[in-house]
Amino acid sequence: MRMLKVNMGVKPGERVLVLSDFPTASEWANMPIERLSEFVERSLLARDVYDILSSKFQDLAVGFCAYASVGRNAGDPGPEVAERMKSADVAIAITTFSLTHTEARENACKAGTRVASMPLFLADMLYDGGSMDADYTKVKSESDSLAKNITGAKEIIVKTKGGTNVRFSLVDRKGMSEAGLYTDKGAWGNLPAGEAYSTPLEGTGNGRLVVEKG
């Protein structure tokens, strides 16, 4: 409920759409059982979120949209799903495969929909102490502060215990903030959130990058 009020800025009378993908027959047959279990649990979580919103927010028009998995991130979910996203004021996508970089998400935002993309979301993220339980006003303040520092920096050095020691230039690069507050018309991003980021100046990277085992 706080996610709708704080992160998405939902107002009375708005249309909220909860989206989720579900496994295809091929994925049921071939996906590793542990990953398949998480997939199904995530679909059921999306339905739970829909049920809670429907019962707790009587002043909203809450819809649910389940669609067959497209099998990859950034795969468009099809015209019917895309149209439903465009017709909503807020879309909450609790999916296994990300809708973030899709034409459906982009066109929905152009139409004014506020979109929270939540691929690989887990139920415990909503529990007390979970990542969605954070004070997102504070998250924004800290993310914006880090982004400002990045904007003012000329060089970044990254070191890790695993042996990474790499540096690159940030001259004329701007720091960006992703704080998880999508209250403006057409706003979008991921939840949970909280980061500051930029891109290195091409051709300036130098050093050693160690990829550690997960």
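Within the stretch 108-119, identify whether any single residue is at pLDDT below 95 and more than 15 Å from the chain's Cα centre (by Cα), and answer yes or no. No, that holds for no residue. Among the residues of the stretch 178-201, some residue qualifies, meaning at least one is free of Cβ contacts under 8 Å to residues at least 60 places away in the same chain and farther than 30 Å from Asn107 by Cβ. Of the candidates Thr183, Thr164, Thr113, Thr151, the single residue that is on the phi < 0 side of the Ramachandran plot, buried (at least 18 other Cβ atoms within 10 Å of the Cβ) and β-branched (Val, Ile, Thr) is Thr113. For the stretch 162-213, the candidate set comprises residues that are outside any loop (DSSP other than H, G, I, E, B) and aliphatic (A, V, I, L, M); within that set, the residue that is farthest from the chain's Cα centre (by Cα) is Val166.
The values are calculated or read from the model by the stated rules, or taken from the named source; none is laboratory data. Model, not experiment: these values are computed from the prediction. Please note: Cβ atoms are built from the backbone with ideal geometry, for glycine as well, and neighbour counts cover all protein chains shown.
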